[in-house]
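In what follows, a structure is listed as structure tokens, so that the remarks can point back to it.
The values are calculated or read from the model by the stated rules, or taken from the named source; none is laboratory data. Keep in mind that what you see is a predicted model, and the values were worked out from it rather than measured. All Cβ positions, glycine included, derive from the backbone under ideal geometry; neighbour counts span all protein chains shown. Protein only, heavy atoms only, side chains kept; ligands, DNA and RNA dropped before computing areas. Shrake-Rupley method; radii C 1.70, N 1.55, O 1.52, S 1.80 Å.
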Amino acid sequence: MNLEHTDNFTLISDSFEIKSHLIPLIAFKSQEQKEIAENYLIEEAKDFFTNILKVNYDCIQISYQQLITKQDFKATDIEYFYENLFYDLGERDSNGKLKAKIKWGITFDEENTPIEVGRFNKQDKFVNIDNRRHRPELSYRPKYRNLMLFRKYGTIDINGIPIFYYLHFTIQEILDAIKRELSI
């Protein structure tokens, strides 16, 4: 079989630097599509931190270009962690207590997000508790259609306390958000 080949992907130019070799760049045709996608990510993150984790303080997003993956950890200089994750961990409030600081970023790589928002019921059956409003009816994981949707996440911890959260998104859910907003 002979298949003709056209370019489906492009390379990132040197003028646009991404820290990791394993993070894809997604482009949209219009500014409106980009804003819809960005707003969707922010609303989902707010919902996750407020309604699932019950965090009542600001969470700081690390820019997408500065994120690294699990595979990057060993090859990444310690300065990266100080500049992006640890730089403000020692800040204290007016009472001298350490200020809670959580940072987060998005990922499309499920390896970075091994935790599922859910619980086991009395029959030891996994029950999804991520029943947030406006969740699409579509399953983004076809082989798991019998499971309800959930937000997968992962953390970077210090002494067992998460200081960074990876929130997993799929390309499909972002496209669905754009389709809903633009009524495509």
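Within segment 80-97, residues that are under 18 Å from Gln66 (Cα atoms) and of a type in the set (Asp, Glu) have Cβ atoms under 8 Å from residues that are assigned to a helix (DSSP H, G or I) and open to solvent by less than 100 Å² (accessible area, probe 1.4 Å) in no pair, counting only partners at least 6 apart in sequence or on another chain. Scanning segment 38-78 for residues that are touching a helix residue (DSSP H, G or I) at 6+ places or on another chain (Cβ under 7 Å), hydroxyl-bearing (Ser, Thr, Tyr) and assigned to a loop (DSSP other than H, G, I, E, B) returns a single hit, Thr69. I need the full set of residues from segment 50-108 which are in contact with a His (Cβ under 9 Å, 6 or more places away or on another chain) and under 21 Å from Arg151 (Cβ atoms), in order please. Correct list: Thr69, Ile106, Thr107, Phe108.
Please go through segment 79-88 and give me each residue that is open to solvent by 50 Å² or more (accessible area, probe 1.4 Å) and either closer than 20 Å to Ile171 by Cβ or part of a loop (DSSP other than H, G, I, E, B) (or both), ordered by number. Scanning segment 79-88 gives a single hit, Tyr87. Within segment 163-178, the set of residues being outside any strand (DSSP E or B) and surrounded by 13 or more Cβ atoms within 10 Å (Cβ to Cβ) comprises Phe169, Thr170, Gln172, Glu173, Ile174, Leu175, Asp176, Ala177, Ile178.
For segment 13-37, taking the residues that are open to solvent by less than 70 Å² (accessible area, probe 1.4 Å) and out of contact with any helix residue (DSSP H, G or I) (no Cβ under 8 Å at 6 or more places or on another chain), the one that is modelled with the lowest pLDDT is identified as Ser13.
Just so you know, in segment 94-134 the residues that are acidic (Asp, Glu) and at pLDDT 80 or above include one that is most open to solvent (accessible area, probe 1.4 Å), and it is Glu111.
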